[in-house]
Amino acid sequence: MAHSYLVYSDKRFAENALKELGGKPVPFAGKFFITKSSASKAKTLEKAKRSTFTEWAAPIVGTAKLGKSYSQLIKTIAKLLKKDDTFTIEVINSRDISGTNAKSIEVLLGTELEKKGFVADLRNPSLFLYVILQKGEATICALSASDDAPKVLDVFRADKKIDDKLNRAQLKLKDAFERFPVPKKIGTALDLGSAPGGWAAYLLKKGMRVVAVDNALLEYDSISAKAVIAAKKQYLAQTKKLASKFSTKPNVVNINGIPKDFRLLHIRLRAGELKAKQLTKIGGVDMLTIDMNIYPRDCAGIANGLADSLNKGACLIMTIKLMTPNVDKHIKNVEKTLSKKYTSRIIKKLPHNRMELTLFAVKK
Ligand SMILES: C[S@@+](CC[C@H](N)C(=O)[O-])C[C@H]1O[C@@H](n2cnc3c(N)ncnc32)[C@H](O)[C@@H]1O
């Protein structure tokens, strides 16, 4: 029997997502649509996860009329919960009710359900409930802890809970680590288009040794590891002067004399100038990350050019900047170029991407 799923995509890519999964739009802030599927829940969620433009999907498990109070909604949720479930609720309030924000409705629903004997667990719930409020009606969706699917719906609201001041660029890479099959242990990462250093800082935090490539300087003082900067001979004096202004005093060396023992090496070059020989000297690369603001096909060309210098099984994470609105063409160009050297390719609009997509692939 076909079951209905609520699907969420970024407004900018709603039409692409709709085309990909099929379904009918619903007027929840213009970013949701309903798709019907007769396949199993696991298969349907997997399809949404593998799709390029869908960010989140969950089965619709109930609806409730909204009157002056939330009593019918609470009753409906109570019927859905099993005795042993622990739950968390995320509310998206698409009605225009001033002063009643999503957070306070979550607290109200949680409190009322606890009064009925159910147990809320915000950290490790067995059931994730999602309540989308529209005028007059609430749609309720649910995912189990065991469902292999993104659990957070409104990532931007969730970000506010993060103590660590990760910048937006880092959040994009964090999304990629969460949603793609990135190997657990990675030795050295090569990060192209690195400045101001958000990704480099994140990779370092993950325990990697990082080679950052960008002509621009990084925010060395905000990165946990002391940096070594390698510059061409003609830029050595200038780079030393610039580096001396940072309180962490990065060590500046000639590009021909790169030391082996570094945690963060910043090579001041354009990515296209990087030589395979330099990578061999560094001791091999297990992960290539690219976040350069250049045409996607040029990024893919650079990734291809460096592929032979990467260690076997190395993975690639690359943002595809949609410089022009022809999304399909950019995807096709990247796919065509990368298919020669990389396999297991996944392209996905990640929650923190704006006019861009992120690609994951593995060196052949
Ligand atoms: C969006 S920023 C990267 C942000 C970075 N991922 C972070 O987390 O801080 C893009 C960077 O790409 C760099 N870039 C553009 N073209 C490049 C090229 N050909 N080689 C190296 N870097 C390049 C720019 O200098 C810029 O610093």
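Take TYR202 and decide whether it is under 29 Å from the mean Cα position of the chain (by Cα), part of a helix (DSSP H, G or I) and either closer than 28 Å to HIS352 by Cβ or not β-branched (Val, Ile, Thr) (or both).
So TYR202 fits the description; yes.
Can you name the number of the only condition in (1) without any contact (Cβ under 8 Å) to a residue 60 or more places away in the chain; (2) surrounded by fewer than 23 Cβ atoms within 10 Å (Cβ to Cβ); (3) more than 16 Å from the ligand (Cβ to nearest atom) that ILE347 fails?
ILE347 satisfies every listed condition except (1).
Name the one entry in LEU279, LEU217, LEU236 that is more than 9 Å from the ligand (Cβ to nearest atom), assigned by TED's automatic domain parsing to the domain that holds GLY305 and in contact with a Pro (Cβ under 9 Å, 6 or more places away or on another chain).
LEU217
So, LYS43, is that one assigned to a loop (DSSP other than H, G, I, E, B) and not assigned by TED's automatic domain parsing to the domain that holds PHE180 or not? Show your work before the answer.
Numbers: assigned to a loop (DSSP other than H, G, I, E, B): no; not assigned by TED's automatic domain parsing to the domain that holds PHE180: yes.
No; evaluated as a whole, the condition is false for this residue.
Looking at LEU264, LEU274, LEU269, can you tell me which residue is within 21 Å of GLY198 (Cβ to Cβ), buried (at least 22 other Cβ atoms within 10 Å of the Cβ) and within 14 Å of the ligand (Cβ to nearest atom)?
LEU264
I need a count of the residues in segment 261-297 that are under 22 Å from the mean Cα position of the chain (by Cα) and part of a helix (DSSP H, G or I).
2
Results for (1) within 12 Å of the ligand (Cβ to nearest atom); (2) of a type outside the set (Gly, Ala, Ser); (3) touching a residue at least 60 places away in the same chain (Cβ under 8 Å), shown as yes or no for each residue.
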residue: SER144; (1), (2), (3): no, no, no
residue: LYS151; (1), (2), (3): no, yes, no
residue: ALA200; (1), (2), (3): yes, no, yes
residue: SER222; (1), (2), (3): yes, no, no
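Here are the criteria: (1) without any contact (Cβ under 8 Å) to a residue 40 or more places away in the chain; (2) under 21 Å from ARG345 (Cβ atoms); (3) touching a strand residue (DSSP E or B) at 6+ places or on another chain (Cβ under 6 Å); (4) not small (Gly, Ala, Ser). Tell me which single one ASP286 does not satisfy.
Exception for ASP286: condition (1).
Could you go through segment 218-239 and let me know if any residue there is surrounded by 15 or more Cβ atoms within 10 Å (Cβ to Cβ) and closer than 30 Å to VAL152 by Cα.
Checked segment 218-239: at least one residue is surrounded by 15 or more Cβ atoms within 10 Å (Cβ to Cβ) and closer than 30 Å to VAL152 by Cα.
Can you name every residue in segment 6-30 that is touching a Ser or Thr at 6+ places or on another chain (Cβ under 6 Å), of a type outside the set (Phe, Trp, Tyr) and under 14 Å from LEU133 (Cα atoms)?
Of everything in segment 6-30, just one residue is touching a Ser or Thr at 6+ places or on another chain (Cβ under 6 Å), of a type outside the set (Phe, Trp, Tyr) and under 14 Å from LEU133 (Cα atoms), namely ALA29.
All but one of (1) within 16 Å of the ligand (Cβ to nearest atom); (2) modelled with pLDDT under 95; (3) under 30 Å from LEU274 (Cα atoms) hold for ASP191; state the number of the condition that does not hold.
(2)
Run LYS75 past the list (1) touching a residue at least 12 places away in the same chain (Cβ under 8 Å); (2) charged (D, E, K, R); (3) over 16 Å from CYS141 (Cβ atoms) and report the number of the one that doesn't hold.
(1)
Scanning for something touching a strand residue (DSSP E or B) at 6+ places or on another chain (Cβ under 9 Å), free of Cβ contacts under 8 Å to residues at least 60 places away in the same chain, in the same structural domain as THR343 (by TED's automatic domain parsing) and assigned to a helix (DSSP H, G or I), does segment 185-198 turn up at least one residue?
For segment 185-198, residues touching a strand residue (DSSP E or B) at 6+ places or on another chain (Cβ under 9 Å), free of Cβ contacts under 8 Å to residues at least 60 places away in the same chain, in the same structural domain as THR343 (by TED's automatic domain parsing) and assigned to a helix (DSSP H, G or I): absent.
Is one or more of the residues making up segment 15-37 at positive phi, buried (at least 16 other Cβ atoms within 10 Å of the Cβ) and modelled with pLDDT under 95? Spell out the reasoning first.
Initially, segment 15-37 is screened for residues at positive phi, giving 22-23, 29-30.
Now restrict to residues that are buried (at least 16 other Cβ atoms within 10 Å of the Cβ): 23.
Subsequent filtering for residues that are modelled with pLDDT under 95 retains 23.
So far as segment 15-37 goes, yes, one or more of its residues are at positive phi, buried (at least 16 other Cβ atoms within 10 Å of the Cβ) and modelled with pLDDT under 95.
The values are calculated or read from the model by the stated rules, or taken from the named source; none is laboratory data. Keep in mind that what you see is a predicted model, and the values were worked out from it rather than measured. Cβ coordinates were reconstructed from backbone atoms using ideal geometry, including for glycine residues, and neighbour counts include every protein chain displayed.
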